[in-house]
Amino acid sequence: MEFNSIADLRSLSLLYPILLAIFRYIVSHPLIAQTNLKLADLVINYVHKIGPLHVGGSSPVRVMGILNASPESFYKKSVKKGTQIAQTVLKMEQDGADFVDIGGMSTAPYLSTIIPEKHEIKRVLDAIKQIRQVSDIPLSVDTCRANVAKEALASGVQILNDISGLKYDKQMASVVERYSPSLILCAYGKNTIRGNLLEQTKILLKQSLHIARRVGVENQNIALDPAVGFFRNKAKGKFYTKITSDWLARDLDVIANLSSLKMGQPILISVSNKSFIGRIIESKDPEDRLLGSLTAEAIATINGADIIRTHNVGQTKTVISLAQKMSKKTGKGL
């Protein structure tokens, strides 16, 4: 088959979900299922790749460690600077982290955390430099700003984690087109969202998928994040989606229905120490939320999460490993 333009290749990439669905139907047929070849596992395991790692299918649930280089972060215990950064990443790697996500500016919706872009860039680049002196673990940059993403990607970061789903900064799409990183796209809308929030979340994610595909990112290099904690009735920050209903009910509904949000893509879930846990256990201090975080991560694993983004790498690794094994034992699968 001959392709005459980039447009031809992009058109072909749009057929991928349909072809994958057909493949899954064929290999699940009883005559195929009776064989011991497990063709579906062999192929689906290699369909999605975030950075250098296979994600989803029969791959293990991956762990993304959170590295906050932002003093304004809601979880002060997670904030690292100077030589602490290298030490923290080494510990994360020893504890089983598959990726590390670097944040140079907090995006907690209930905090006023906007800082000058040049400060965010400096924090991120300093963290990358510190990490690369001790580790080659795959890195993600957590930013909504194009210039920050450009500097991080030019420094060798392979994954862009944009909680606005490429919608906040109009220049982000061109940066993505230039560097072709793997993407984590978060559900985000600038207008107030009403109605069925699960369906509205899917619509927002589809919009971001469309932007990514338009600039040439392949489906197999994209993971989706349903934005637990970022749908709010009101907020001080810019990076949230306004809703008129109860945000706690929305977040719990998302965690209970992760598989329905996949749309053929791996799902990343980030619940570590977040407000919904504090509201349930009636604790305003994020440092009191470890057990709640681990419980939510185990449930998310059973409900279909493919990547868990967390402050608590070692404990999370143990919990999701157990959750995976128990869900297989009970026949629920992932």
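Observations on the structure shown:
- Sequence-distant residues sharing a close amide H with VAL55 (under 5 Å, placed H): HIS48, LYS49, ILE50
- Using bins of 5 Å that start at zero, the share of Cα-Cα pairs per bin across segment 77-215 amounts to 2, 10, 19, 21, 19, 14, 10, 5, 2, 0, in whole %.
- Applying 1/(1 + (r/R0)^6) with R0 = 35 Å to the Cβ-Cβ distance of GLN315 and ASN257 gives a FRET efficiency near 0.90.
- In terms of distances greater than 18 angstrom between alpha carbons, the cross-link table entries LYS202/LYS328; LYS170/LYS238; LYS167/LYS202; LYS150/LYS236; LYS170/LYS190 yield LYS202/LYS328; LYS150/LYS236.
- For segment 143-166 versus segment 240-288, the gap between their alpha-carbon centres in whole angstrom: 24 Å
- Carbon and sulfur %, accessible surface of segment 53-327 computed with the full protein complex present, 1.4 Å: 51 percent
- Segment 53-327: projected area of the alpha-carbon convex hull, averaged over directions, in nm²: 12.7 nm²
- Its alpha carbons give segment 200-301 an Rg and a Dmax of 14.7, 45 Å.
- Between ASP285 and HIS210, the C-beta separation translates, for a Förster distance of 56 Å, into a calculated FRET efficiency of about 0.90.
- For ILE114, nonlocal amide neighbours, meaning residues 5 or more places apart or on other chains whose placed amide H falls under 5 Å from its own, do not occur.
- Residue-span extension gain [GLN84 to THR295] - 0.36 nm each, minus C-alpha spacing: 73.2 nm
- Under-5 Å amide H pairs with LEU224, H placed in peptide plane, nonlocal only: LEU185, ILE267, LEU268
The values are calculated or read from the model by the stated rules, or taken from the named source; none is laboratory data. These numbers were taken from a predicted model, which means no experiment stands behind them. All Cβ positions, even for glycine, are placed from backbone atoms using ideal geometry, and neighbour counts span all protein chains on display. Areas reflect the complete protein model, heavy atoms only, side chains present, ligands, DNA and RNA absent. Shrake-Rupley method; radii C 1.70, N 1.55, O 1.52, S 1.80 Å.
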